[in-house]
1. Using the Karplus curve 6.51 cos²θ - 1.76 cosθ + 1.60 with θ = phi - 60°, what ³J(HN,Hα) values do you get for each residue of the stretch 79-85, in whole Hz, with x for Gly and Pro?
2. Report the calculated FRET efficiency for residue 67 and residue 37 (r = Cβ-Cβ distance, R0 = 35 Å), to the nearest 0.05.
3. Expressed as an acute angle from 0 to 90° and rounded to the nearest 10, what is the orientation of the C-alpha long axis of helix 10-75 relative to the principal long axis of the chain?
4. What value, in deg cm²/dmol to 500, does the helix sum -39500 (n - 2.57) over DSSP H runs of n ≥ 4 give at 222 nm once divided by the residues of the chain?
5. Which of these, 50, 96, 15, has the largest mean-square fluctuation under a Gaussian network model of the chain (Cα springs below 10 Å)?
6. Would you mind pulling out the separation of the Cα centroids of the stretch 76-100 and the stretch 35-50, in Å?
7. Gaussian network model of the chain, Cα springs within a sub-10 Å range: biggest mean-square fluctuation belongs to which of 56, 99, 13?
8. How large is the translational diffusion coefficient of the stretch 11-97 in µm² per second when you combine the Kirkwood radius over alpha carbon pairs with Stokes-Einstein at 10 °C and 1.306 mPa s?
Amino acid sequence: MSEITSYSGGALGRDSRRASREIQRGRLGTQVSVSRVGNATDLTMAKLVDVTYATGSAMQALTKVAQAQQQLEQMAPAAAGRLEFLVQDHAFGCADLLGDLRRGMRRIK
C-alpha cells in the first residue's frame with residue numbers, strides 16, 4: 001500500500017461545497033447591505049442639498065419682497081397695511097411650497 005489515493009467525493013466534498021456556498025451568500029448579503037446603506041446616504045444627501053437650495057431661494061425672495069415693501073411704504077405710507085398683508089401672504093406661500101417640497105421628498109425612496 002505505498003500508493004496514496006485522493007478522496008474527492010462523498011459527504012466531505014458536499015459539506016465543503018455547502019460551506020463554501022454559505023460563506024459566499026454571507027459575503028454577497030453583506031455587499032448588498034452596504035450598497036443599500038450607501039444608496040440611502042446618497043439619496044438623503046441629494047434631498048438635503050435640494051431642500052437647502054429651495055430654502056435659500058425662498059429666503060432671497062422674501063428679502064426682495066421686504067425691500068420692495070419698505071420702498072413702497074416710503075412712497076405711499078397709507079398703503080402700509082395692505083402691503084404688509086401681501087408680504088405675509090407671500091411668506092406663507094413660500095412656506096407652503098417648501099412644505100410641499102419636503103413632503104414630496106419623504107415619498108422618494
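1. 8, 4, x, 5, 5, 4, 4
2. Working: r = 45 Å, r/R0 = 1.29.
Result of the calculation: an efficiency of 0.20.
3. The helix 10-75 is inclined about 10 degrees to the chain.
4. Mean residue ellipticity, 222 nm, calculated: -32000 deg cm²/dmol.
5. Among 50, 96, 15, the largest mean-square fluctuation in the Gaussian network model of the chain belongs to 15.
6. Cα centroid of the stretch 76-100 versus Cα centroid of the stretch 35-50: 34 Å apart.
7. For the chain, modelled as a Gaussian network with Cα springs under 10 Å, the answer is 13.
8. Numbers: Rh = 18.1 Å.
Rounded, D is 88 µm²/s.
Read the figures in this text as sums done on the coordinates, not as results from a lab. Note that the structure is a prediction, hence the values are computed from the model and not measured. Cβ atoms come from the backbone with ideal geometry, glycine included; neighbour counts cover every protein chain shown.
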